[in-house]
Amino acid sequence: MSPELWQQVAAGEDAAVYAYGVLVPRLPAAERNRGIDAQVAHSRARDAAVAELAAGGGEAVLPGAFELPFAVDGATDARRLAAYCENRLVNIYCTLSPEQTGPDRRQFVEAARECGVRAVGWGQLPEAFPGTTDPTTDTDRGPADGDGPAGGDGPAGGDGAMIQP
Amino acid sequence: MPISRRTLLLAVAGSAAATAAGCSAESLPVLDTESPDDVTRRSVAESEAALIAAYRAAAAETAEGARWEFLAGQHVQHLAALYPGDTSATASPSTAAAPPGRKALRRMEARAARQRTDAAVAAQDAELAQLLARIATAEAGHAAYLSAAGS
């Protein structure tokens, strides 16, 4: 896979690490360990992507700080930001997976699955084609019975901006 | 594409119970002209049709009909994406022998996610590979949703 593609993975994972750093303190105490576990997983994935880049003679560009797509004022925003980051990574891994073959492609698909499962765990309703919609603007995604895993979908606000350096 | 979705769904409707139980539908016609990707596409479509049938059966029997219809609708979208442009068929009818419960549905989704992962790895066409990666992710998400919802 080309250095540009590994750079996308490294940058996406780095953005998630940053976002979890912001959002974990806003989570209820009972959910913080789950947030920390996710942050550790993204940190490892970022480091692995950086190592792939380095093995090919490249160097990852990681700004380390990012502009968030919306303000994170409480637990609902925190879960929404977590789902947002996971979705971005689902899109990155799914889009890039055909560039890989064999075990490397499997690793990308499994990474997408793990991110997708975490997004649902943070209260996002399942989607038919994960990663293809912007969770900050999509407000009509499921049955109105209101007893989903964590609720909290249908955010107001959110300008749809990606996480940017 | 040597086999229409209507043909497929009619065949699947007749063997939905077996397919839902995890067996491959051996009675389906296998055409010599099929490429490996054609076989993958057909196999995934069979599994999607079985999932739709399972959810429809569950929706008819439980108080969680809206939720099951919501998830069934996503599998309908998967089926449509596998055969874009083919509007000759609608979703298969509900033919499962007994309506599955939440745990059985979760197991079906988890198995489907693993099978879609294998299919994504095997796919030769890049567009198909990406579609299968997204379907694998969707079905892993469905399984997680079924684990969390109502627990």
- Given the Cα-Cα distance of residue B:86 and residue B:43 and 0.36 nm per residue of separation, how much length would full extension add, in nm? 13.8 nm
- Task: Compute the separation of the alpha-carbon centres of the range A:1-75 and the range B:113-151 and state it in Å as a whole number.
- Result: 23
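For peptide B:78-84, compute the average count of partner chain beta-carbon atoms within 10 Å of each residue's beta-carbon. Intermediate values should be presented prior to the final figure.
Values: counts 2, 0, 1, 2, 0, 0, 0.
Shielding by partners across B:78-84 averages 1.
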- Query: Using 17 Å as the cut-off for backbone N distance, which residues of the range A:9-37 belong to the label zone defined by a point 7 Å from the Cα of residue A:99 along Cα→Cβ?
  - Reply: A:9-15
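So, R0 is 30 Å and r is the distance between the beta-carbons of residue A:34 and residue B:33; what FRET efficiency does that work out to, to 0.05? Each step should come with its number before you reach the end.
Values: r = 50 Å, r/R0 = 1.65.
Computed FRET efficiency for residue A:34 and residue B:33 comes out at 0.05.
Give the average, rounded to an integer, of partner chain Cβ atoms located within 10 angstrom of each Cβ in A:106-115.
Rounded to a whole number, the mean comes out at 6.
Name the shape class, rounded, prolate or oblate, that the alpha-carbon gyration tensor gives for the range A:1-49, where a ≥ b ≥ c are the square roots of its eigenvalues, rounded holds for a/c under 1.5, and otherwise prolate holds if a/b is larger than b/c and oblate otherwise.
Because a/c hits 1.5 or more and a/b exceeds b/c, the range A:1-49 counts as prolate.
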- Item | Zone of residue A:75's modelled label, taken as backbone nitrogen in the range A:36-69 under 15 Å from a point 7 Å along Cα→Cβ | none
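Could you size up the charge dipole of the range A:45-94 around its Cα centre, putting +1 on the beta carbon of Lys and Arg and -1 on that of Asp and Glu, and report it in debye to the nearest 20?
For the range A:45-94, the charge dipole is close to 160 debye.
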- Message: Run the numbers for residue A:4 and residue A:22: contour at 0.36 nm per residue of separation, minus the present Cα-Cα distance, in nm.
- Response: 3.8 nm
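We did not get these values from a lab; they are worked out from the coordinates using the rules stated. Since this is a predicted model, take the numbers as computed values, not measurements. Don't worry about glycine lacking a Cβ; one is built from the backbone with ideal geometry, like all the others, and counts go over all protein chains shown.
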